[in-house]
1. Residue by residue, what Karplus-based ³J(HN,Hα) values in Hz, rounded to whole numbers, does region 141-150 have, using 6.51, -1.76 and 1.60 with θ = phi - 60° and x for Gly and Pro?
2. So how much slack lies between ASN149 and TYR275, counting 0.36 nm per residue of separation and subtracting their Cα-Cα distance, in nm?
3. Which of the peptides 282-295, 211-224 is most tightly packed, and how do the rest follow, going by the mean number of other Cβ atoms within 10 Å of each residue?
4. Could you list, in their original order, any pairs among LYS84/LYS119; LYS125/LYS150; LYS84/LYS153 whose Cα atoms are separated by more than 30 Å?
5. Ranked highest first by the average count of other Cβ atoms within 10 Å around their residues, in what order do 240-250, 103-113 fall?
6. So between ASP186 and ASP251, what do we pick up on full extension, going 0.36 nm a residue minus the alpha carbon distance?
7. Taking the alpha-carbon centroid of each part, what is the distance from region 111-130 to region 220-295 in angstrom?
8. Rounded, prolate or oblate, given the Cα gyration tensor of region 176-295, with a/c below 1.5 counting as rounded?
Amino acid sequence: MAPARHKHVLRVARPRRRLFRGGLAAAAVTVLATTAVAVSWPEEAPAQSSAAISMPTPEVSASAVPVRVAPISRSEERVRLEAKPPEVVGHKFATTAVNVRLKPSEKSRLVGTLKWAEKVAVSGKTQGEWAEIVVDKQGLWVHRAYLANKKPKPKPEPEPQEEATEEAAAAVPTGLSTAPCASGSDVESGLVANAVAVHRAVCGAFPSITSYGGVRSGDSGEHGTGNALDIMISGDPGWEVAEFVRANAGDLGVSEVIYAQKIWTVERSSEGWRYMEDRGSTTANHYDHVHVSVY
C-alpha cells in the first residue's frame, strides 16, 4: 500500500502546480485588462478583452549600436589640418633679393626679404609663379623663379666706368634729406621708419609736393601696417618721383614702387617696370599718385 499511496500523492501534486502557474497567467491577464479599462475615457469604445490583445514582442539586437556623441564637422577637421606647420621637403637658394609675402599674391602683405644666395627651406608646394618657403614653421611665399637648387656663384665685379658727364651727374640725386617736412606730423603718424625716410627724402627733393597718404585705418594691407606711402602726384612729375624712389630703393628700404599702372619690385628689379592688370579706375591704377612699399 505504501508504494500506491506514494504514486497517488505525485498525481495530485502535478495538477496543483499547473493550476498555480495558470493562476499567475490568469492574474496577469486580469491586471492588463483592468489597466486597459482604467485608462479608457467614457467617449472611447470599450476596451477589448484580454484574449484579443496582441502584444508585439520587441526585437532585441545583440550587435553593438554606435552612439554619436557630437555631429562630425568636416570643416573642423580641415582647420586642424591647416594649423599644422608645412612639411619641409628640401632647401633652395635665393638668386637675388626676393620679397617674402604672407600669401601667394603681390597684393599680399610683405613680411621680409631673402638675401642673395640665402638658403631657405621649402615645402614643395607651388601656386602659379609662387613657391612656399618655411620660416620658423610658418608657410610664406616667394616668386619661385628666383629660387635655385644650388647656391649661386658670386657675380663678377663690374668694370670701372668712365666718369659721368656733368649733365648725367646732375640728374642723379647727390643726397637724401632726413629733415622733417611741413606735412610730417600728420603723414608720418603710424608709419614704420623706412616709410618715414621715404617721406622726408621725397619731400626734400620735391618740395612742391604737399599731399601724401599714410596709414589707413582698417586697411588689411601695407597701408594698415604703416609699410606704405602714397605720394599724390600725376603726369610726368609723377615719373620723376617714381624714378627717384627706385634709384634710392636700397638706402630707403623700398620693396616696390607703383605708378601709372606699372610696378617695379626689388625681387624682379632686372625686369624694370612691369605692366599691371587694369583695376578699373584712375586711383586704383595709380595714375594720380605714386605708391611706395617698404620693408
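Each reported figure results from applying straightforward, stated rules to the coordinates on display, with no laboratory input. Since the structure is predicted, the reported quantities are computational estimates derived from the model, not experimental observations. Cβ atoms come from the backbone with ideal geometry, glycine included; neighbour counts cover every protein chain shown.
1. 10, 9, 5, 6, 5, 9, 10, 10, 6, 10
2. 42.4 nm
3. Working: 282-295: 19.2, 211-224: 15.3.
Going from most to least packed, we get 282-295, 211-224.
4. Working: LYS84/LYS119 23 Å; LYS125/LYS150 19 Å; LYS84/LYS153 35 Å.
Over 30 Å apart, Cα to Cα: LYS84/LYS153.
5. Details: 240-250: 18.5, 103-113: 15.9.
Taking the mean over residues of other Cβ atoms within 10 Å, the ranking is 240-250, 103-113.
6. Details: separation 65, 0.36 × 65 = 23.40 nm, distance 2.36 nm.
That works out to 21.0 nm of additional length.
7. Taking the Cα centre of region 220-295 as reference, the centre of region 111-130 is 23 Å away.
8. Rounded, because the longest to shortest axis ratio a/c is under 1.5.
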